[in-house]
Amino acid sequence: MEPTIVSGKEVSNKIKEEIAIAVEKLKSKGVKTPHLAAVLVGEDGASRTYVNAKVKACEKVGFNSTLVKLESDISEADLLAEIEKLNNNSDIDGFIVQLPLPNHIDEQKVTEAIAPEKDVDGFHPVSLGKMLLHLPSFLPATPYGITEMLRHYNIPTEGKHCVVIGRSHIVGSPMSVLMARNSYPGNCTVTLTHSRTQNLAEITKAADILIVAIGKPEFVTADMVKEGATVIDVGIHRIEDASRKSGFKLLGDVKFDEVASKCAFISPVPGGVGPMTIASLLKNTLLAVELKN
Ligand code: NAD
């Protein structure tokens, strides 16, 4: 079977074009230019890459952006004070604190310190609670991006069996909620699997839609996937590769080469979920401005 490649790159570019038009409209109405800030603690290479990509995406759609760079040994109290400054800065519409944070800082405390109306990553308990109740809110960026990919490709979801691998607070758990909601995409029968799940392959083989966020390179193999399934790969792993200029290659949680031929739809890595996460962040920031006005 020749699968349709679910190109996050393509969908995110379309979303960015739509956002750029919306920004122009806001400006012409005299409403402010959306402004996203990102807080980066320390010098972790992957985090820096993600944050830089987010800042670049802001420029592309006409948002203002601010990068707040902090030393890795910053105290928790000082970081919380920086967050308070962003909460009180009326020009900043939304901001994110790039995770992971150094071990001496309590990530949950930091997440809860972000004003819910500026929580464009959608990780605050208020945002997650609203999502559960199907109220308008900032949806967590990665699961939100995945729903937009499914929508763009008109992938049928109603009545389908969706299996999610991984129950993290930022990907797997909210993903399972969104796929079960009474909407499109949604209305799936959802199975959420995790590290204590038994007979995982039996369950994944019964999936019409398989969303993989396990964080293990090429974990999902062809024998775990049903013929004709839709497979969405959330994983991102930098694997050393001396033959490349960058010194590394990117792999997902799915063994793409052997799984793809069984699928009706499959998302690649790179160029799949990654760019969609950024597009969702921009969408959430635009929503923050619209809600404020
Ligand atoms: P995580 O490490 O927090 O969670 C992994 C989950 O996998 C856990 O809930 C665990 O219970 C489950 N798990 C572990 N072993 C299992 C097993 N044998 N069977 C079933 N489940 C098992 O990971 P995360 O933060 O959700 O991220 C997952 C992956 O997605 C990572 O590779 C991460 O880098 C990537 N990611 C990508 C994006 C993006 O924008 N593309 C965003 C977030 C995360």
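Which Cys residues of the chain have no other Cys beta carbon under 4.7 Å away?
Cys58, Cys263
Calculate how many DSSP beta bridges within the chain are antiparallel, expressed in % of all such bridges and rounded to the nearest 5.
10 percent
Enumerate the calculated ³J(HN,Hα) couplings along segment 82-93 in order (Karplus 6.51 cos²θ - 1.76 cosθ + 1.60, θ = phi - 60°), each rounded to whole Hz, writing x wherever the residue is Gly or Pro.
Once rounded to whole Hz, the list reads 4, 5, 4, 4, 5, 4, 8, 7, 5, 7, 8, 7.
Which links in Lys56/Lys283; Lys16/Lys60; Lys216/Lys245; Lys32/Lys69; Lys160/Lys262; Lys25/Lys60 stretch past 19 Å when you go from one Cα to the other?
Checking Cα-Cα distances, Lys216/Lys245; Lys32/Lys69 exceed 19 Å.
In Å, what Kirkwood hydrodynamic radius results for segment 30-115 from the alpha-carbon pair distances?
Working: mean 1/r = 0.0748 Å⁻¹.
Hydrodynamic radius (Kirkwood, Cα only) of segment 30-115 equals 13.4 Å.
Counting only residues 5 or more places away or on other chains, whose amide H sits under 5 Å from the amide H of Thr66 once H atoms are built in the peptide plane?
Hits under the 5 Å cutoff: Leu36, Ala37, Ala38.
Straight-line reach only, C-alpha to C-alpha below 18 angstrom: list the aspartates and glutamates that Lys255 could link to, leaving out same-chain residues fewer than 8 apart.
In chain and number order, the partners are Glu2, Glu202, Asp208, Glu218, Asp223, Glu227, Asp233, Glu240, Asp241.
Out of residues 5 or more away from Val97 or on other chains, whose amide H comes under 5 Å of its own, with H placed 1.01 Å from N in the peptide plane?
Val39
What does the helix-only formula give at 222 nm for the chain: each DSSP H stretch with n ≥ 4 adding -39500 (n - 2.57), the total divided by the residues, and the result rounded to the nearest 500 deg cm²/dmol?
Values: 10 runs with 116 residues, N = 293.
Result for the chain: -12000 deg cm²/dmol, rounded to the nearest 500.
Quick one: what are the phi-derived ³J(HN,Hα) couplings along segment 172-182, Karplus 6.51/-1.76/1.60 with θ = phi - 60°, whole Hz, x for glycine and proline?
These are the phi-based 3J(HN,Hα) values: x, 5, x, 4, 5, 5, 5, 6, 8, 5, 7 Hz.
Could you work out the equivalent-ellipsoid semi-axes for the chain, taking the square root of 5 times each eigenvalue of the Cα gyration tensor, largest first, in whole Å? Mind dumping the intermediate values first?
Working: eigenvalues 196, 94, 74 Å².
Ellipsoid half-lengths, sorted descending, are 31, 22, 19 Å.
Please sort 277-288, 187-198 by packing, taking for each peptide the average over its residues of neighbouring beta carbons within 10 angstrom, highest first. It would help to have the intermediate numbers written out before the result.
Working: 277-288: 24.2, 187-198: 15.1.
Order by mean packing, descending: 277-288, 187-198.
Measuring from label point to label point, each 7 Å out along Cα→Cβ, what is the Asn103 to Glu76 span in nm?
With each label point 7 Å from Cα toward Cβ, the separation is 1.5 nm.
Find the centroid of the Cα atoms in segment 199-214 and in segment 254-271, then give the distance between the two in whole Å.
Distance between centres, Cα-based: 14 Å.
Once you have the Cα-Cα distance between Glu43 and Leu133, take 0.36 nm times their residue separation minus that, and quote the gain in nm to one decimal.
Length gained between Glu43 and Leu133: 28.6 nm.
Quick one: what are the phi-derived ³J(HN,Hα) couplings along segment 156-161, Karplus 6.51/-1.76/1.60 with θ = phi - 60°, whole Hz, x for glycine and proline?
Using θ = phi - 60°, the values come out as x, 10, 4, x, 7, 8 Hz.
Taking 45 Å as R0, compute the FRET efficiency from the Cβ-Cβ separation of Asn182 and Lys69 and round it to 0.05.
0.60
Can you give the Rg to Rh ratio of segment 141-274, both from alpha-carbon atoms, with Rh computed by the Kirkwood formula?
Details: Rg = 14.3 Å, Rh = 14.8 Å.
Result: Rg/Rh = 0.96.
Mean 1/r over all different Cα pairs, inverted: what Kirkwood radius does segment 1-77 give, in Å?
14.8 Å
All of the numbers you see were taken from the coordinates with simple rules; none came from a lab. Not measured: the values here are computed from a predicted model. Heads up, the Cβs are rebuilt from the backbone with ideal geometry, glycines too, and the neighbour counts pull from every protein chain shown.
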